[in-house]
Amino acid sequence: MRYEIVAQLTTNSTLLILILISYLISHISYLTSHNKMKKLRVVVLGAGFGGLELTSMLSEAIGDNLNLTLIDQHDSFYFGFSKLDVMFGHKPADSVKIPYSSIVKPGVRFCKETITAIDPETRTVTTQSGTHEADVLVVALGANYNHGATPGLTEHGNEYYTFEGAEKLRDVIPNFKKGHAIVGVCGAPFKCPPAPSEAALMLHDYLATAGTRDACTISIVMPFGSPIPPSPDSSKALFKAFEERGIQFIPQHKVASLSANKAILDDGTEMPFDLFLGIPKHVAPDVVLQSGLAVDGWIPVDRQNLLTRFPNVYAIGDVTSVGTPKAGVFAEGAAKIAAASIIASYKGQQNEKGYTGVGSCYIEFGKGQVARVDVDFFSGPKPFGIHHDASEALTIDKEYFGSSRKARWFGR
Ligand SMILES: Cc1cc2nc3c(=O)[nH]c(=O)nc-3n(C[C@H](O)[C@H](O)[C@H](O)COP(=O)(O)OP(=O)(O)OC[C@H]3O[C@@H](n4cnc5c(N)ncnc54)[C@H](O)[C@@H]3O)c2cc1C
């Protein structure tokens, strides 16, 4: 009996040891094969809204097997809306800049370089410092401005769509004490369709605080029939705000040129001004136009996955003609789908979810009040938006929108 128990125990222990050994062998071979897996070389061009979101997602999902190079010509990021804060002196320029050097993410390396050529056939990128080769290339270079397309804009007007332009205006606006101010759009499409209305409302507040509002008039010239075409309710709320503040809205027109103190609209109408706050004509960056990626000025993409017509070359955000407005929220939404597609194909899977064109835009009404419009571009027969009235709660919502991105992209 004793011998039987001992024999049974010996058999059990042997079995246990065998199981343990086989587990160790399989685990070691898994680890070895996992480590041997080739790292995915991704090159992301542009560290704006789209590039930063895509980089964060890839690092989170496959950081250990990722060799991602994020390239931008600048050393820091800023939100588009912070240009309004800078031009009206609400915040110092340096306080809204977030340095790329603070990005510490598995598998990610940031390079401050200017991209001079893109070859989408070979997925090779040339910068002033050298070349980068990619298994997967993502173009997220945003939209640039063609000031020269509006004769007289540089000599006689101002613009607040570049950071430098917004910084310059911080010193120009305090000298505007009487006369006519025009917020003028020089071409469509343009970034963040609410931004001209926001600038006019914030200018009203600025002048009211300075005690000079009664000596000034404000007009907005816009190539749309209403301030936010997909949302009649948001447009109605803005029209009401313009009426209450005596701001004139001139629809369906662009500013074609400027002389010393006159804006000439696209139908030849002349509008005298003392201060011109311009939204310059937008264009894709030259390096994109020269790459063969663009058609009719912007990069066409497949809405399902944000792929261009070149294999393993994606494009996201303002540089595309995907069909949503040029805004950070939409660049971010597209980045999520492109990232999901890259991750799925790396894992040999299929990404089922396409780009829905849904996003929320905040609208500054001035006096610390922010409204929101939730827009859906693709699910219905035409784009539609749901309006949320301006409130202090939405001001906090917008602050969280910024701080949550800052934390996610920069770990701050
Ligand atoms: C006044 C104003 C207010 C705005 N308010 C809002 C808002 O409230 N909400 C919102 O969602 N959006 C807003 N926007 C729009 C928003 O800023 C842009 O739509 C968004 O940044 C687009 O993201 P993106 O990734 O496509 O491009 P971007 O964020 O523009 O990034 C492109 C990057 O590519 C880099 N780059 C370009 N060319 C080169 C090159 N040759 N070499 C190296 N790097 C290069 C640029 O330096 C840039 O960092 C606003 C814009 C403005 C001007």
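Every read-out reported here was derived from the displayed coordinates using simple, explicitly stated rules and does not represent laboratory data. On a predicted model such as this, the values are computed, not experimentally measured, just so you know. Cβ: placed from backbone, ideal geometry, glycine included. Neighbour counts: every protein chain shown.
Suppose the chain between ASP286 and SER360 were pulled fully straight at 0.36 nm per residue; how much longer would it get relative to their current alpha carbon spacing?
That pair, ASP286 and SER360, stretches by 23.7 nm at full extension.
For the chain, what is the calculated [θ] at 222 nm in deg cm²/dmol (nearest 500), taking -39500 (n - 2.57) for each run of four or more DSSP H residues and dividing by its residue count?
Mean residue ellipticity at 222 nm (helix-derived): -11000 deg cm²/dmol.
Among ASP397, ASP267, ASP318, which one moves the most in a GNM of the chain with springs linking Cα atoms closer than 10 Å?
ASP267
Taking 8 Å as the Cα distance limit and 6 or more residues as the minimum spacing, I'd like the relative contact order of the chain as a percentage.
17 percent
Taking GluC sites (Glu not before Pro) as candidate sites, keep only those in a DSSP loop with at most 11 other Cβ atoms within 10 Å, then name the longest stretch of the chain containing none of them.
Longest stretch, sites excluded: 122-351.
Report the label-to-label distance for ASP389 and THR116 in nanometres (one decimal), using points 7 Å from each Cα along the Cα→Cβ vector.
5.8 nm
Between ALA149 and GLN252, what is the FRET efficiency for a Förster distance of 22 Å, r being their Cβ-Cβ separation, to the nearest 0.05?
0.70
Can you give the FRET efficiency for VAL104 and LYS38, using 1/(1 + (r/R0)^6), R0 = 25 Å, r = Cβ-Cβ distance, to the nearest 0.05?
0.60
Rounded to the nearest 5, what is the percent of antiparallel bridges among the DSSP beta bridges in the chain?
Around 50 percent antiparallel, to the nearest 5.
Between region 84-123 and region 381-406, what's the alpha-carbon centroid distance in Å?
If we compute the Cα centre of each part, the gap is 24 Å.
Considering only DSSP states other than H, G, I, E and B, which trypsin sites (Lys or Arg not before Pro) in region 28-137 qualify as loop sites with at most 11 other Cβ atoms within 10 Å?
In loop regions of region 28-137 (DSSP not H, G, I, E or B), the sparsely surrounded trypsin sites (Lys or Arg not before Pro) are LYS38.
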